[in-house]
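What follows is a set of notes on a single structure, which appears directly below.
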Amino acid sequence: MTNEIILEAAESIRAAYASGSACKPVRDILPAMSLETAYAVQHVNTQHWIEQGRRVVGCKAGLTSKTVQSQLGVDQPDFGVLFADMFVSDGAEVSVNRVMQPKVEAEVALVLERDLDMTLPTVADVIRATAYVLPAIEVVGSRIQNWDINIVDTIADNASSGLYVLGNSPKRLEDVDLQLCGMVMERRGEQISVGAGQACLGHPLNAAVWLARTFVDVGMPLKAGDTILTGALGPMVSVAPGDRVEARISGLGSVRVEFAAEDQ
Amino acid sequence: MNMSNQEITELAAQVDGAALNAQAIEQLSSLGIDLSIEQAYQLQSLSVARRYSRGEHQLGVKMGFTSRAKMIQMGVDDMIWGPLTSGMFIEDGGEMNFSHFIHPRVEPEIAFLLKRPLSGVINLAEAMSAVEAVAPALEVIDSRYNNFQFSLQDVIADNCSSSGFTVGAWQKADVDISNLGMVLEFDGAAVQVGSSAAILGNPYRSLVAAARMAGEAGSELTAGSIVLAGAATAAEALRPGVHVRVNTEKLGVAEFTVSQPLSE
C-alpha cells in the first residue's frame with residue numbers, strides 16, 4: 001500500500017514535468033509530515049532519471065533559513081539532487097519554460113576534490129574535501145500547483161530544484177569569509193534580494209556538513225567533483241520572461257542569468 | 001497650511017517633551033496639523049534646539065529612508081535626515097538606559113567620520129575623499145508617536161525617530177563597503193541578516209545625499225562629524241537586558257547592552 005502511493009506520488013510529479021502543467025500537492029496522498037516517505041518519493045524519481053541516463057553531479061540544500069523552516073514547521077533543512085542538465089553557464093539565456101513557476105536565489109557553491117564517504121563527516125572533512133568556492137544563482141521551481149507546498153511536497157519534488165548557474169571564477173575557501181560575505185541580487189539595477197552568508201544555517205559550511213552527513217546516511221556519499229549548493233543567502237524572488245538577474249557575493253564575485261523574452 | 005512660528009514652537013516643545021519624558025504622543029497629522037515638509041524640518045530644528053539648550057551638542061547627522069523598499073512603503077522619493085546629539089550617544093560596549101525610551105528599536109548601520117566639511121551637490125569621489133574613517137554602527141530609533149506610526153511630516157518633525165547610536169572601532173576608509181554582510185545579534189543569536197548594499201546600493205551614496213541636503217538647508221556637514229548612512233536591515237524591537245551587537249564583514253563589531261528595569 002505504502003509502496004503504491006509512493007510510486008503514485010512520484011508518477012504525479014514526473015507527469016507534471018512531462019506535461020508542463022503543475023500537479024496537486026502530493027501530501028494529499030502521502031502520510032502526513034513523514035519526511036521518510038517524502039524522500040522515498042524523491043528517490044524513486046532520482047533512480048528513474050539515472051536509468052534514463054541523466055548524470056548526478058551533486059546536491060543542494062533547501063530550507064536553510066530559520067524563517068523558511070518556521071514557515072514550513074520544520075527544524076532542519078532538506079536536500080535535492082543536481083543533474084548535469086540542470087547546469088546553466090554564467091550569463092546564459094534560458095527559457096522560463098525550462099522551470100515551472102521559477103524563482104531565483106543567490107547561494108554559495110562548493111566543488112569537491114575528495115570523496116566525503118567517511119562516517120559522520122565533520123567541518124574539517126568538508127574543508128579538506130573542498131577544491132574551490134563559486135557564486136551561484138539557483139533557479140528553483142515547483143511542480144506543485146501555485147507553490148502550495150508543505151515539507152512533504154517539496155522533499156518529494158526534489159527540494160523544488162530547477163536549474164543552477166555557477167560563476168566562472170573559483171575562489172579558495174581560505175580567501176573568503178563565507179559567514180559575513182554580503183549578498184545583493186539585482187534585476188535591471190533594482191535590488192530584489194539582499195543578505196549574507198550567515199542567513200544559510202549560520203554559515204554555508206554548516207549546510208555542507210549537514211548534506212555530507214545526510215548523503216552518507218542514505219548510502220550515496222558525496223564524491224570528488226560534486227557540486228554542492230549550500231542554500232539561499234537572502235529571500236527568493238519570482239522571475240518572468242525578459243528578466244536579467246545578477247547576484248554579487250562579497251569576495252566571490254558575480255553570476256548572472258537571463259530569462260528569454262516570451263516572443264522568442 | 002498657515003501656521004505661526006509661535007504654533008510651530010509650541011509643537012516643537014511637545015515633541016521634545018515626549019522624547020525627554022519617554023511618553024508617546026498622538027501623531028501631529030492625526031491631530032489635524034497639516035505641516036509642509038519645510039515646516040516639519042523647521043519644527044525638527046526647534047525641537048533639537050531645546051536639546052542644545054539643555055547642554056547637548058551636535059555630533060553629526062543621520063540619514064533615513066535609504067532603502068528603496070522603505071521609500072516605497074512611505075510613498076516618498078527622497079531621504080530624510082536629522083541631527084545626532086551628544087545626549088543620544090551610547091558608548092561602544094556601554095549600556096543603553098531602557099527607561100529613557102518609549103518603544104525603542106535598533107538597526108545595523110554604517111557610520112562615516114568626516115575629515116573635511118561637505119555641503120551641496122557633490123559626486124561620489126568628493127564624498128569618498130572627505131571621509132577619514134568608516135565604522136559599523138547601531139542606531140536606536142524610538143518614534144515619539146503612539147504605536148510607532150507616522151506620516152512623512154510627523155517623522156521629520158520627530159527628528160527622524162533618532163534617539164540613540166553606538167559606533168564601533170573606526171577603520172581606515174580604504175575598503176570597498178558597497179556589499180558588506182551585516183548580522184544583527186541579540187544575546188549572540190542572529191535576528192537580522194543583510195548587506196550594506198541595502199543602503200542605496202552603496203552607503204557612500206547616502207553621504208552624497210547628506211551633503212546635498214545640508215546644502216539645501218544652508219548648512220554643512222562639518223569636519224569631525226559623524227554621518228549614519230542608513231539601515232542595512234529592518235529594525236528589531238529592543239527589550240530590557242538584551243545584549244545587542246552588529247557584526248560587519250571587514251569592519252568588525254559595535255555593541256551595547258540594554259539596561260535591566262529597576263527592581264520594584
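Here are the numbers:
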| item | result |
| --- | --- |
| Some residue of segment A:241-258 being within 14 Å of chain B (Cβ to nearest Cβ), at positive phi and surrounded by fewer than 18 Cβ atoms within 10 Å (Cβ to Cβ) | yes |
| First in segment A:190-219 and within 26 Å of A:Arg114 (Cα to Cα) and touching a residue at least 24 places away in the same chain (Cβ under 8 Å), second anywhere and part of a loop (DSSP other than H, G, I, E, B) and of a type in the set (Val, Ile, Thr), Cβ under 6 Å, 6 or more apart | A:Cys200/A:Thr64; A:Leu201/A:Thr64; A:Ala207/A:Thr64 |
| Filter result (touching a Pro at 6+ places or on another chain (Cβ under 6 Å) and more than 9 Å from chain B (Cβ to nearest Cβ)) within segment A:185-209 | A:Ser193 |
| Residue in segment B:200-208 that is among the hydroxyl-bearing types (Ser, Thr, Tyr), touching a helix residue (DSSP H, G or I) at 6+ places or on another chain (Cβ under 8 Å), within 25 Å of A:Val68 (Cβ to Cβ) and modelled with pLDDT of 95 or more present | no |
| Among (1) assigned to a helix (DSSP H, G or I); (2) touching an Asp or Glu at 6+ places or on another chain (Cβ under 7 Å); (3) crowded, with 19+ Cβ neighbours inside 10 Å, the one test that A:Ala38 misses | (2) |
| B:Leu138 under 30 Å from B:Gln27 (Cα atoms) and away from chain A (no Cβ under 14 Å) | yes |
| Unique residue being in contact (Cβ under 8 Å) with a residue 60 or more places away in the chain and in contact with a Cys (Cβ under 6 Å, 6 or more places away or on another chain) when the list is A:Thr64, A:Thr122 | A:Thr64 |
| Residues of segment B:1-50 classified as aromatic (Phe, Trp, Tyr) and part of a loop (DSSP other than H, G, I, E, B), total | 0 |
| Selected residue (criterion: surrounded by the fewest Cβ atoms within 10 Å (Cβ to Cβ)) from residues of segment A:11-35 that are under 19 Å from A:Val99 (Cβ atoms) and among the hydrophobic types (A, V, I, L, M, F, W, C) | A:Ala18 |
| 3 or more residues buried (at least 17 other Cβ atoms within 10 Å of the Cβ), among the hydroxyl-bearing types (Ser, Thr, Tyr) and at pLDDT 95 or above: qualifying strands (runs of 3 or more DSSP E) within segment B:67-175 | B:162-167 |
| Near pairs, Cβ below 9 angstrom, 6+ apart or cross-chain, from segment A:164-184 (more than 14 Å from chain B (Cβ to nearest Cβ) and of a type outside the set (Ser, Thr, Tyr)) to any residue that is part of a loop (DSSP other than H, G, I, E, B) and buried (at least 18 other Cβ atoms within 10 Å of the Cβ) | A:Val165/A:Asp90; A:Leu166/A:Asp90; A:Gly167/A:Asp90; A:Gly167/A:Leu252; A:Asn168/A:Asp90; A:Lys171/A:Gly251; A:Lys171/A:Leu252 |
| Any hit, segment A:41-58, residues being closer than 18 Å to A:Val165 by Cβ, crowded, with 16+ Cβ neighbours inside 10 Å and under 15 Å from the mean Cα position of the chain (by Cα) | yes |
| Looking only at segment A:210-228, and only at residues there that are crowded, with 24+ Cβ neighbours inside 10 Å and assigned to a strand (DSSP E or B), the one that is nearest to the other protein chains (Cβ to nearest Cβ) | A:Ile228 |
| Hey, B:Val131 under 16 Å from the mean Cα position of the chain (by Cα) and among the β-branched types (Val, Ile, Thr) or not | no |
| Residue in segment B:104-114 that is touching a Leu at 6+ places or on another chain (Cβ under 9 Å) and more than 19 Å from B:Gly230 (Cβ to Cβ) present | no |
| Residues satisfying the stated conditions in segment B:220-262, i.e. away from chain A (no Cβ under 14 Å), of a type in the set (Gly, Ala, Ser), outside any strand (DSSP E or B) and surrounded by 14 or more Cβ atoms within 10 Å (Cβ to Cβ) | B:Ser225, B:Ala235, B:Ser259 |
| Total residues in segment B:198-219, condition within 14 Å of another protein chain (Cβ to nearest Cβ) and touching a residue at least 24 places away in the same chain (Cβ under 8 Å) | 6 |
| Segment A:180-207, residues that are in a strand (DSSP E or B) and of a type in the set (Lys, Arg) | A:Arg187 |
| Residue in segment B:188-196 that is out of contact with any Phe, Trp or Tyr (no Cβ under 8 Å at 6 or more places or on another chain) and more than 14 Å from every other protein chain (Cβ to nearest Cβ) present | no |
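The values are calculated or read from the model by the stated rules, or taken from the named source; none is laboratory data. Values in this document were obtained by computation on a predicted structure and should not be read as measured data. Note: ideal-geometry Cβ built from the backbone for every residue, glycine included; neighbour counts use all protein chains shown.
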